[in-house]
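Here is the structure we will look at.
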Amino acid sequence: MSTVTSSNETPISLTRTRAPHARPADASLSFGKVFTDHMFLMNYVEGKGWHDPRVVPYAPLTIDPATSVLHYGQAVFDGLKAFRGTDGTIRLFRAQRHAERLNKSCAALCIPELDAGLVRRSFEAIVAADHEWVPSTPGTSLYIRPTVIATDVMLGVHPAHSYTYFVICSPVGAYYKEGVKPVRILATDKHVRAVQGGLGEAKTAANYAASLSAQQEAERQGYTQVLWLDGVERRYIDEVGTMNIMMRIGDEVITPPLAGTILDGVTRNSILTLLRDWGLRVSERRISIDEVMQAGRDGMLREMWGTGTAAVVSPVGELGYKGEKISIGNGQTGTLTKKLYDAIIAIQYGTAPDTHGWTSTVQVPQVA
Ligand code: COI
(Lines give C-alpha, C1' and ligand atoms only; values in the text may rest on other atoms or scores of the structure.)
Protein backbone atom coordinates (compact mmCIF):
# COMPACT_ATOMS: atom_id res chain seq x y z
CA MET A 1 0.00 0.00 0.00
CA SER A 2 1.24 3.50 -0.77
CA THR A 3 -0.22 6.98 -0.33
CA VAL A 4 -1.02 9.69 -2.85
CA THR A 5 -0.68 13.09 -1.24
CA SER A 6 1.17 16.35 -1.15
CA SER A 7 1.76 18.96 1.61
CA ASN A 8 -0.96 18.87 4.27
CA GLU A 9 -3.72 17.35 2.14
CA THR A 10 -5.70 14.37 3.45
CA PRO A 11 -3.71 11.31 2.34
CA ILE A 12 -5.35 8.93 -0.13
CA SER A 13 -4.05 5.38 0.22
CA LEU A 14 -3.46 3.20 -2.81
CA THR A 15 -3.64 -0.59 -2.90
CA ARG A 16 -2.87 -1.93 -6.36
CA THR A 17 -4.62 -4.90 -7.88
CA ARG A 18 -2.60 -8.07 -8.25
CA ALA A 19 -4.81 -9.25 -11.09
CA PRO A 20 -5.04 -6.50 -13.74
CA HIS A 21 -7.52 -7.15 -16.52
CA ALA A 22 -6.90 -7.12 -20.25
CA ARG A 23 -7.97 -3.75 -21.67
CA PRO A 24 -10.48 -3.69 -24.53
CA ALA A 25 -9.49 -2.35 -27.97
CA ASP A 26 -10.60 1.28 -28.45
CA ALA A 27 -12.67 0.27 -31.50
CA SER A 28 -14.82 -2.09 -29.39
CA LEU A 29 -15.85 0.56 -26.82
CA SER A 30 -19.49 1.50 -26.33
CA PHE A 31 -20.76 3.23 -23.17
CA GLY A 32 -20.29 2.01 -19.61
CA LYS A 33 -19.91 -1.72 -20.09
CA VAL A 34 -16.28 -2.27 -19.12
CA PHE A 35 -14.66 -1.10 -15.88
CA THR A 36 -11.08 -0.45 -14.90
CA ASP A 37 -8.88 -2.25 -12.37
CA HIS A 38 -9.41 0.09 -9.39
CA MET A 39 -12.06 2.10 -7.59
CA PHE A 40 -12.02 4.91 -5.06
CA LEU A 41 -13.77 4.45 -1.73
CA MET A 42 -14.48 6.69 1.26
CA ASN A 43 -16.91 6.25 4.14
CA TYR A 44 -19.04 8.48 6.31
CA VAL A 45 -20.32 7.77 9.78
CA GLU A 46 -22.15 10.33 11.87
CA GLY A 47 -19.82 11.74 14.53
CA LYS A 48 -16.70 10.80 12.55
CA GLY A 49 -17.45 12.44 9.21
CA TRP A 50 -15.99 11.38 5.86
CA HIS A 51 -12.91 9.25 6.38
CA ASP A 52 -10.51 6.69 4.95
CA PRO A 53 -10.17 7.89 1.32
CA ARG A 54 -8.55 5.07 -0.64
CA VAL A 55 -7.95 3.60 -4.07
CA VAL A 56 -8.41 -0.16 -3.99
CA PRO A 57 -8.82 -2.98 -6.52
CA TYR A 58 -12.22 -2.84 -8.28
CA ALA A 59 -14.54 -5.28 -6.52
CA PRO A 60 -18.23 -5.77 -5.70
CA LEU A 61 -19.61 -3.83 -2.74
CA THR A 62 -20.99 -6.16 -0.10
CA ILE A 63 -24.16 -4.70 1.37
CA ASP A 64 -26.92 -5.99 3.62
CA PRO A 65 -30.27 -6.46 1.82
CA ALA A 66 -31.80 -4.01 4.31
CA THR A 67 -29.39 -1.21 3.30
CA SER A 68 -31.49 1.93 2.99
CA VAL A 69 -30.30 2.98 -0.50
CA LEU A 70 -31.78 -0.21 -1.94
CA HIS A 71 -35.21 0.67 -0.60
CA TYR A 72 -35.54 4.43 -0.62
CA GLY A 73 -33.00 5.54 -3.22
CA GLN A 74 -30.95 7.97 -1.15
CA ALA A 75 -28.21 8.05 -3.79
CA VAL A 76 -26.52 10.69 -5.92
CA PHE A 77 -23.96 10.50 -8.66
CA ASP A 78 -22.15 12.60 -11.20
CA GLY A 79 -20.26 11.89 -14.40
CA LEU A 80 -17.17 13.44 -15.97
CA LYS A 81 -14.50 12.37 -18.40
CA ALA A 82 -10.73 12.08 -18.74
CA PHE A 83 -9.28 12.49 -22.25
CA ARG A 84 -5.94 11.42 -23.65
CA GLY A 85 -4.65 14.11 -25.99
CA THR A 86 -2.53 13.51 -29.05
CA ASP A 87 0.43 14.64 -26.91
CA GLY A 88 -0.33 11.77 -24.48
CA THR A 89 -1.44 14.19 -21.72
CA ILE A 90 -4.49 13.10 -19.74
CA ARG A 91 -6.92 15.93 -19.04
CA LEU A 92 -10.05 16.08 -16.87
CA PHE A 93 -12.82 18.35 -18.12
CA ARG A 94 -14.24 20.73 -15.50
CA ALA A 95 -13.43 18.49 -12.54
CA GLN A 96 -14.03 21.17 -9.92
CA ARG A 97 -17.49 22.00 -11.28
CA HIS A 98 -18.43 18.33 -11.23
CA ALA A 99 -17.20 18.01 -7.63
CA GLU A 100 -19.28 21.04 -6.64
CA ARG A 101 -22.34 19.71 -8.46
CA LEU A 102 -22.03 16.38 -6.62
CA ASN A 103 -22.28 18.35 -3.39
CA LYS A 104 -25.39 20.18 -4.62
CA SER A 105 -26.99 16.83 -5.36
CA CYS A 106 -25.95 15.62 -1.88
CA ALA A 107 -27.64 18.66 -0.29
CA ALA A 108 -30.89 17.91 -2.15
CA LEU A 109 -30.93 14.38 -0.68
CA CYS A 110 -29.79 15.22 2.88
CA ILE A 111 -26.40 13.58 2.29
CA PRO A 112 -23.54 15.18 4.27
CA GLU A 113 -21.34 17.43 2.19
CA LEU A 114 -17.98 16.17 0.95
CA ASP A 115 -14.81 18.25 0.72
CA ALA A 116 -15.00 19.34 -2.96
CA GLY A 117 -11.19 19.52 -3.10
CA LEU A 118 -10.95 15.92 -1.92
CA VAL A 119 -13.62 14.85 -4.42
CA ARG A 120 -11.56 16.45 -7.15
CA ARG A 121 -8.46 14.65 -5.89
CA SER A 122 -10.43 11.39 -5.88
CA PHE A 123 -10.94 11.85 -9.64
CA GLU A 124 -7.23 12.50 -10.13
CA ALA A 125 -6.20 9.57 -7.91
CA ILE A 126 -8.38 7.00 -9.65
CA VAL A 127 -7.39 8.19 -13.13
CA ALA A 128 -3.71 8.16 -12.15
CA ALA A 129 -4.05 4.60 -10.81
CA ASP A 130 -5.83 3.47 -13.99
CA HIS A 131 -4.10 5.82 -16.45
CA GLU A 132 -3.37 2.98 -18.86
CA TRP A 133 -7.14 2.57 -19.27
CA VAL A 134 -7.61 6.05 -20.76
CA PRO A 135 -8.19 5.29 -24.45
CA SER A 136 -6.54 7.39 -27.12
CA THR A 137 -8.67 7.07 -30.28
CA PRO A 138 -10.62 10.27 -31.11
CA GLY A 139 -14.15 10.01 -29.72
CA THR A 140 -13.10 7.78 -26.82
CA SER A 141 -12.46 8.75 -23.20
CA LEU A 142 -12.48 7.45 -19.65
CA TYR A 143 -15.89 8.08 -18.07
CA ILE A 144 -15.62 8.70 -14.31
CA ARG A 145 -18.65 7.93 -12.16
CA PRO A 146 -18.57 9.29 -8.58
CA THR A 147 -21.51 8.04 -6.51
CA VAL A 148 -22.74 8.38 -2.92
CA ILE A 149 -25.10 5.84 -1.36
CA ALA A 150 -26.83 5.64 2.01
CA THR A 151 -25.63 2.56 3.88
CA ASP A 152 -27.71 2.42 7.08
CA VAL A 153 -29.20 -1.02 7.60
CA MET A 154 -32.77 -0.03 8.48
CA LEU A 155 -36.22 0.15 6.93
CA GLY A 156 -37.38 3.39 8.53
CA VAL A 157 -37.68 6.29 6.08
CA HIS A 158 -35.10 8.78 7.32
CA PRO A 159 -31.85 10.32 6.08
CA ALA A 160 -29.13 7.76 6.81
CA HIS A 161 -26.36 8.15 9.38
CA SER A 162 -23.75 6.35 7.24
CA TYR A 163 -22.74 6.61 3.59
CA THR A 164 -20.25 5.25 1.07
CA TYR A 165 -18.66 7.40 -1.62
CA PHE A 166 -17.20 5.45 -4.50
CA VAL A 167 -15.74 6.31 -7.89
CA ILE A 168 -15.57 3.83 -10.73
CA CYS A 169 -14.25 4.38 -14.26
CA SER A 170 -15.21 3.01 -17.64
CA PRO A 171 -13.38 3.45 -20.95
CA VAL A 172 -16.09 4.62 -23.36
CA GLY A 173 -16.87 5.34 -26.99
CA ALA A 174 -20.06 7.03 -28.25
CA TYR A 175 -23.08 7.14 -25.90
CA TYR A 176 -25.66 6.57 -28.62
CA LYS A 177 -25.28 3.77 -31.13
CA GLU A 178 -25.90 6.50 -33.74
CA GLY A 179 -22.60 8.12 -32.60
CA VAL A 180 -22.82 11.87 -33.27
CA LYS A 181 -25.45 11.35 -35.96
CA PRO A 182 -28.86 13.02 -35.49
CA VAL A 183 -31.34 11.27 -33.22
CA ARG A 184 -35.15 11.24 -33.30
CA ILE A 185 -36.91 12.54 -30.19
CA LEU A 186 -40.52 12.31 -29.00
CA ALA A 187 -42.16 15.00 -26.86
CA THR A 188 -44.45 13.49 -24.27
CA ASP A 189 -47.30 15.12 -22.35
CA LYS A 190 -48.20 11.80 -20.77
CA HIS A 191 -45.12 11.22 -18.58
CA VAL A 192 -43.41 13.71 -16.31
CA ARG A 193 -39.76 13.69 -15.20
CA ALA A 194 -39.72 16.30 -12.45
CA VAL A 195 -41.62 19.21 -10.90
CA GLN A 196 -40.43 22.32 -9.09
CA GLY A 197 -39.78 21.50 -5.45
CA GLY A 198 -38.81 17.95 -6.42
CA LEU A 199 -35.44 16.44 -7.31
CA GLY A 200 -35.16 17.46 -10.98
CA GLU A 201 -32.02 19.53 -10.55
CA ALA A 202 -30.19 16.82 -8.57
CA LYS A 203 -28.28 14.02 -10.24
CA THR A 204 -30.02 11.26 -8.36
CA ALA A 205 -31.13 7.75 -9.22
CA ALA A 206 -34.82 8.65 -8.79
CA ASN A 207 -34.85 10.94 -11.85
CA TYR A 208 -33.48 8.20 -14.04
CA ALA A 209 -35.97 5.65 -12.65
CA ALA A 210 -38.75 8.16 -13.42
CA SER A 211 -37.59 8.36 -17.04
CA LEU A 212 -37.66 4.68 -17.90
CA SER A 213 -41.23 3.95 -18.91
CA ALA A 214 -41.47 7.04 -21.15
CA GLN A 215 -38.13 6.12 -22.68
CA GLN A 216 -39.36 2.60 -23.36
CA GLU A 217 -42.50 3.94 -25.02
CA ALA A 218 -40.46 6.34 -27.20
CA GLU A 219 -38.22 3.48 -28.28
CA ARG A 220 -41.26 1.37 -29.14
CA GLN A 221 -42.29 4.16 -31.50
CA GLY A 222 -38.82 4.25 -33.12
CA TYR A 223 -37.45 7.27 -31.26
CA THR A 224 -34.11 7.52 -29.45
CA GLN A 225 -35.09 9.81 -26.58
CA VAL A 226 -37.96 11.58 -24.82
CA LEU A 227 -38.35 15.35 -24.88
CA TRP A 228 -39.63 16.18 -21.41
CA LEU A 229 -42.25 18.88 -20.88
CA ASP A 230 -42.83 20.67 -17.58
CA GLY A 231 -44.76 18.71 -14.98
CA VAL A 232 -47.47 21.33 -14.33
CA GLU A 233 -48.79 22.63 -17.66
CA ARG A 234 -47.08 19.91 -19.73
CA ARG A 235 -46.29 22.59 -22.23
CA TYR A 236 -42.84 24.05 -21.62
CA ILE A 237 -39.72 22.17 -22.67
CA ASP A 238 -37.48 20.90 -19.85
CA GLU A 239 -34.85 18.38 -21.02
CA VAL A 240 -34.21 15.66 -23.56
CA GLY A 241 -33.63 12.17 -22.20
CA THR A 242 -30.73 12.59 -19.76
CA MET A 243 -29.44 15.75 -21.45
CA ASN A 244 -30.11 19.49 -21.57
CA ILE A 245 -31.75 20.71 -24.77
CA MET A 246 -30.95 23.68 -27.01
CA MET A 247 -32.45 24.88 -30.27
CA ARG A 248 -31.73 27.48 -32.89
CA ILE A 249 -34.86 29.28 -34.08
CA GLY A 250 -34.00 31.90 -36.67
CA ASP A 251 -30.91 33.56 -35.20
CA GLU A 252 -31.72 32.91 -31.55
CA VAL A 253 -30.30 29.98 -29.59
CA ILE A 254 -32.78 29.04 -26.88
CA THR A 255 -32.43 26.74 -23.89
CA PRO A 256 -34.78 26.31 -20.93
CA PRO A 257 -33.71 28.22 -17.78
CA LEU A 258 -32.36 26.59 -14.63
CA ALA A 259 -35.58 26.96 -12.68
CA GLY A 260 -35.53 23.96 -10.39
CA THR A 261 -36.57 21.06 -12.59
CA ILE A 262 -33.54 20.49 -14.81
CA LEU A 263 -29.93 19.63 -14.23
CA ASP A 264 -27.35 22.43 -14.27
CA GLY A 265 -25.41 20.68 -17.01
CA VAL A 266 -21.66 21.21 -17.15
CA THR A 267 -21.73 20.79 -20.93
CA ARG A 268 -24.76 23.14 -21.06
CA ASN A 269 -22.76 25.79 -19.20
CA SER A 270 -19.70 25.25 -21.43
CA ILE A 271 -21.76 25.54 -24.62
CA LEU A 272 -23.56 28.68 -23.46
CA THR A 273 -20.16 30.21 -22.65
CA LEU A 274 -18.84 29.40 -26.13
CA LEU A 275 -21.97 30.73 -27.84
CA ARG A 276 -21.65 34.01 -25.92
CA ASP A 277 -17.90 34.15 -26.70
CA TRP A 278 -18.86 33.88 -30.37
CA GLY A 279 -21.31 36.78 -30.03
CA LEU A 280 -24.43 34.74 -30.79
CA ARG A 281 -27.87 35.66 -29.45
CA VAL A 282 -28.54 33.25 -26.58
CA SER A 283 -31.71 33.11 -24.47
CA GLU A 284 -32.23 31.04 -21.35
CA ARG A 285 -36.01 31.23 -21.38
CA ARG A 286 -39.14 29.14 -21.17
CA ILE A 287 -40.15 27.83 -24.55
CA SER A 288 -43.33 25.87 -25.23
CA ILE A 289 -43.59 22.81 -27.42
CA ASP A 290 -46.21 24.71 -29.47
CA GLU A 291 -43.68 27.48 -30.25
CA VAL A 292 -41.11 24.89 -31.32
CA MET A 293 -43.56 22.93 -33.49
CA GLN A 294 -44.76 26.16 -35.12
CA ALA A 295 -41.16 27.22 -35.79
CA GLY A 296 -40.65 23.80 -37.37
CA ARG A 297 -43.71 24.20 -39.61
CA ASP A 298 -42.53 27.71 -40.59
CA GLY A 299 -39.04 26.48 -41.48
CA MET A 300 -37.51 28.58 -38.69
CA LEU A 301 -36.36 25.68 -36.50
CA ARG A 302 -32.88 25.46 -37.93
CA GLU A 303 -31.11 23.21 -35.43
CA MET A 304 -31.71 21.35 -32.20
CA TRP A 305 -29.23 19.47 -30.02
CA GLY A 306 -28.86 17.87 -26.63
CA THR A 307 -25.86 18.56 -24.38
CA GLY A 308 -24.40 16.26 -21.75
CA THR A 309 -21.13 14.77 -20.56
CA ALA A 310 -21.76 11.35 -22.04
CA ALA A 311 -22.69 12.34 -25.62
CA VAL A 312 -21.23 15.90 -25.46
CA VAL A 313 -23.45 17.37 -28.22
CA SER A 314 -26.14 15.21 -29.75
CA PRO A 315 -27.89 16.58 -32.86
CA VAL A 316 -31.66 16.11 -33.16
CA GLY A 317 -32.89 15.29 -36.66
CA GLU A 318 -36.58 14.76 -35.99
CA LEU A 319 -39.11 15.85 -33.38
CA GLY A 320 -42.40 14.03 -32.86
CA TYR A 321 -45.36 15.38 -30.88
CA LYS A 322 -49.02 14.31 -30.84
CA GLY A 323 -48.65 12.29 -34.03
CA GLU A 324 -46.93 15.10 -35.99
CA LYS A 325 -43.30 14.80 -37.09
CA ILE A 326 -41.02 17.73 -37.77
CA SER A 327 -37.78 17.18 -39.64
CA ILE A 328 -34.99 19.46 -38.40
CA GLY A 329 -32.31 20.55 -40.89
CA ASN A 330 -33.41 17.76 -43.25
CA GLY A 331 -32.36 15.29 -40.58
CA GLN A 332 -28.71 16.36 -40.91
CA THR A 333 -26.35 17.73 -38.25
CA GLY A 334 -26.56 21.54 -38.31
CA THR A 335 -23.51 23.76 -38.83
CA LEU A 336 -23.67 25.35 -35.38
CA THR A 337 -24.22 21.94 -33.72
CA LYS A 338 -21.12 20.60 -35.48
CA LYS A 339 -19.09 23.71 -34.65
CA LEU A 340 -20.00 23.41 -30.97
CA TYR A 341 -19.18 19.69 -30.85
CA ASP A 342 -15.82 20.28 -32.53
CA ALA A 343 -14.98 23.22 -30.25
CA ILE A 344 -15.69 21.31 -27.02
CA ILE A 345 -13.88 18.19 -28.23
CA ALA A 346 -10.83 20.25 -29.24
CA ILE A 347 -10.58 21.72 -25.73
CA GLN A 348 -11.07 18.29 -24.15
CA TYR A 349 -8.31 16.66 -26.23
CA GLY A 350 -6.02 19.66 -25.90
CA THR A 351 -5.91 20.59 -29.59
CA ALA A 352 -7.42 24.06 -28.99
CA PRO A 353 -6.43 26.62 -26.34
CA ASP A 354 -8.33 26.21 -23.08
CA THR A 355 -9.08 29.90 -22.60
CA HIS A 356 -11.55 29.31 -19.76
CA GLY A 357 -9.28 27.00 -17.74
CA TRP A 358 -11.74 24.11 -17.99
CA THR A 359 -9.22 21.29 -18.17
CA SER A 360 -6.74 20.01 -15.60
CA THR A 361 -3.88 17.63 -16.19
CA VAL A 362 -3.59 14.30 -14.38
CA GLN A 363 -0.07 13.48 -13.22
CA VAL A 364 0.71 9.93 -14.19
CA PRO A 365 2.96 7.98 -11.80
CA GLN A 366 6.49 7.50 -13.13
CA VAL A 367 7.59 3.90 -13.08
CA ALA A 368 11.31 3.53 -12.34
C1 COI B 1 -24.85 12.59 -19.41
O2 COI B 1 -25.28 13.11 -20.41
O3 COI B 1 -23.69 12.67 -19.09
C4 COI B 1 -25.77 11.80 -18.60
O5 COI B 1 -26.28 12.25 -17.65
C6 COI B 1 -26.01 10.43 -19.05
C7 COI B 1 -25.60 9.43 -18.04
C8 COI B 1 -26.70 9.22 -17.03
C9 COI B 1 -25.24 8.14 -18.70
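The values are calculated or read from the model by the stated rules, or taken from the named source; none is laboratory data. Keep in mind that this is a model prediction, so the values were computed, not measured. Note: ideal-geometry Cβ built from the backbone for every residue, glycine included; neighbour counts use all protein chains shown. Accessible surface areas use protein heavy atoms only, side chains included; no ligands, DNA or RNA. Shrake-Rupley method; radii C 1.70, N 1.55, O 1.52, S 1.80 Å.
Summary table below
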item	result
Listed residue pairs exceeding 20 Å between alpha carbons, taken from Lys181/Lys322; Lys181/Lys339; Lys104/Lys203	Lys181/Lys322
Sulfur and carbon atoms: percent of accessible area, the stretch 89-140 [1.4 Å]	49 percent
Descending semi-axes in whole angstrom, ellipsoid equivalent of the stretch 2-174, from the Cα gyration tensor	28, 18, 16
Only Lys, Arg (+1) and Asp, Glu (-1) charged, at Cβ; the stretch 183-348 dipole about Cα centre in debye	160 debye
Neighbour cut-off at most 15 other Cβ (10 Å), DSSP loop, chymotrypsin sites (Phe, Trp or Tyr not before Pro), the stretch 238-346	Trp278
Computed E for Arg281/Gln196 - FRET, C-beta separation, R0 35 angstrom, nearest 0.05	0.80
Within the chain: Cβ-based charge dipole about Cα centre, in debye rounded to nearest 20 (Lys, Arg +1; Asp, Glu -1)	500 debye
Helix 95-108 vs. the chain, principal-axis angle (Cα, 0 to 90°, nearest 10)	90 degrees
Paramagnetic reach from Asp64 in the stretch 119-156 [backbone N under 12 Å; point 7 Å along Cα→Cβ]	151-156
Sum of -39500 (n - 2.57) over DSSP H runs of 4+, divided by residues of the chain (222 nm, nearest 500)	-7000 deg cm²/dmol
Solvent exposure ordering (accessible area, 1.4 Å, most first) of Val180, Val119	Val180, Val119
Taking the chain and dividing mean pair separation by its residue count, relative contact order in percent (alpha carbons under 8 Å, at least six apart)	18 percent
Chain lengthening between Gln96 and Glu9 when straightened (0.36 nm per residue, less Cα-Cα)	29.7 nm
Apportionment of accessible area to carbon and sulfur, the stretch 183-348, percent (1.4 Å)	47 percent
Heavy-atom accessible area per residue - the chain, 1.4 Å, Å²	45 Å²
From phi via Karplus (6.51, -1.76, 1.60), per-residue ³J(HN,Hα) for the stretch 195-212 in Hz, x at Gly/Pro	10, 4, x, x, 10, x, 8, 9, 8, 10, 3, 4, 5, 7, 4, 5, 8, 5
Separation in nanometres of the label points that stand 7 Å from Cα toward Cβ, at Val157 and Glu252	4.2 nm
The stretch 253-338, dipole about Cα centre (Lys/Arg Cβ +1, Asp/Glu Cβ -1), debye to the nearest 20	60 debye
Additional length obtainable on full extension of the chain from Gln216 to Ala25, 0.36 nm per residue less Cα span	65.7 nm
DSSP bridge pairs, the chain: antiparallel proportion in percent, nearest 5	80 percent
